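Here the structure is laid out as structure tokens; the discussion comes afterwards.
Derivation of every value follows stated rules applied to the coordinates shown; laboratory data play no part. Not measured: the values here are computed from a predicted model. Quick reminder, even Gly has a Cβ in these numbers, built from the backbone with ideal geometry, and neighbours come from all protein chains shown.
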Amino acid sequence: MIKKQRNILFIVVDCLRADFVYDKDKTYIPTIKKLEKNGYSFLNTISSTSTTTPSFASLLTGLYPFQNEVRSFSGCCLKKDIKTFPEILKENGYNTYAEVSGPLFEEIGLSKGFDEYNYRSGKKRINTEFGTELIKKFETHYKSPWFVLLHIWALHKPRTILKECKSRKFGKTIYGKAVSSIDNYIEKLIKKIDEDTIIILTGDHGEQISNSIFDRFMRKTFLMIFRTMKRYRIIKIPYSKKMRKIIIGHGYSIYDELIKVPLIFYNKDIVPIGKSIKQVRQIDIFPTLLDLINIKYDNKVEGESFLPLIKGKDKPSKNAYIEAVGIVTPNKEEWIAGLRIDNKYKYMYYPFRQDIEEELYDLQNDPFEINNIALSNKDMIEELRKSIEEKKTKEIIKEKLTEDEENIIRGKLKSLGYLD
């Protein structure tokens, strides 16, 4: 086992879909492909949810949103008695730093365990002065042994495309060109860090994207009308499968394009080259990394280490609980919960609505989740629903934000374009 003093760079790219890393010809990402080729990749990594804040809470705690109580970017905060991943690293001699943006507000409690929690506005992206200064930090600011959580916001709308990545070579879509732009930046960053550094690359959740200018215009127009009608209660329809191909973005459901993310572990000395098609969960990353650097921990986490897979041993997959709780947590009627059973089935339903059909997909024969087979598998969906309800996933949050904290967060959300 390796010494625990190696530096750790944990890169989380907001909105990064798995297929744009693992599939060919969707984008040009030579740096990420090099990490994949010379590291260990998990081809079926499942996020806990399809929105940023609770996904990061799962990464930092090894717990599902209903366990750590962060289920959205507003109205809730991290359960106070939970020990976070960076707290454990600090106890073991690490200096811990976070470079984050978007809805990862300090008021929610995600800063626990970080020596520095550097929150930046959404306008400070990798193509701005922030990107240049960040690279310099790896040379002069971060003190070894360091753990740096780097949240890259350039793939979030409006997507950032570097001048040198605008041709069709770098992607056939705006999304693909933005992924290539991030790869370009990661190449420059990696050149400045020690070769002994452990690099982890993943996404917080996926994204629904469009393929043409007309398509983007129609989706944007429809979504604006739809949200306006919902706001003024003209309609009370939740997001549904029929709207799936119209909506651009994330958070509205738990289809695979929204919850499958890439996951690569890289270190030329300690991580073997390989790939696994086994299903692993976002909550499993916490215990896996600690096992990899030989740090013992006594706090209870839901996630389980998949280090045996990295070592070439077999390990059975665990069912992945997934949820989408809407933009505002109290809006329970739009909550969606589900289970992804290995790479075999996906089940999803609305816990607080009885008038919307449940959905079940055979992932092996229907990987794009087109044909709902729930009606012909009633016994199966009843069992899956029961297993979700036994986890008490419907319970409302307990650790609420103060009124002042809510006001601060609302101001930040407005600046990000989340609220009008």
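Listed values, structure above:
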| read-out | value |
| --- | --- |
| Lys/Arg +1, Asp/Glu -1 at C-beta; the chain dipole; positive extreme among Y28, M380, L201 | Y28 |
| Farthest toward positive dipole pole in the stretch 259-351 [+1 Lys/Arg, -1 Asp/Glu at C-beta], among I295, I285, G312 | G312 |
| Exposure proxy order (Cβ contacts within 10 Å, fewest to most) of M348, M380 | M380, M348 |
| Greater than 22 Å apart at Cα, pairs in K344/K378; K278/K332; K33/K346; K318/K346 | K278/K332; K33/K346 |
| The chain pair-distance distribution - Cα-Cα, 10 Å bins, rounded % | 4, 22, 34, 27, 10, 1, 0 |
| Estimated dipole of the chain in Debye, rounded to 20 [Cβ of Lys and Arg +1, of Asp and Glu -1, Cα centre] | 1220 |
| Filtered chymotrypsin sites (Phe, Trp or Tyr not before Pro), the stretch 115-151: DSSP coil and at most 10 other beta carbons within 10 Å | none |
| Mean Cα-pair separation over length for the chain, i.e. relative contact order, pairs under 8 Å, 6 or more apart, % | 26 |
| In the stretch 248-347, the trypsin sites (Lys or Arg not before Pro) that fall in loop regions by DSSP, at most 10 other Cβ within 10 Å | K296, K300, K313 |
| Inter-probe distance in nm under a simple model that places probes 7 Å from Cα toward Cβ, at K378 and N407 | 5.4 |
| T197, T202 arranged by Cβ crowding within 10 Å, fewest neighbours leading | T197, T202 |
| Cβ-based net charge around H151, under 10 Å, with every Lys or Arg adding one and every Asp or Glu removing one | -2 |
| Loop-resident sites, the stretch 90-158, for trypsin sites (Lys or Arg not before Pro), counting at most 11 other Cβ within 10 Å (DSSP) | K123, K143 |
| Calculated diffusion of the stretch 350-420, Stokes-Einstein form, Kirkwood radius summed over Cα pairs, 10 °C and 1.306 mPa s, µm²/s | 99 |
| Nearest-0.05 FRET efficiency for N127 and N371, computed from C-beta distance (R0 45 Å) | 0.60 |
| Among the listed pairs K24/K188; K143/K268; K172/K311, those beyond 30 Å (Cα-Cα) | K172/K311 |
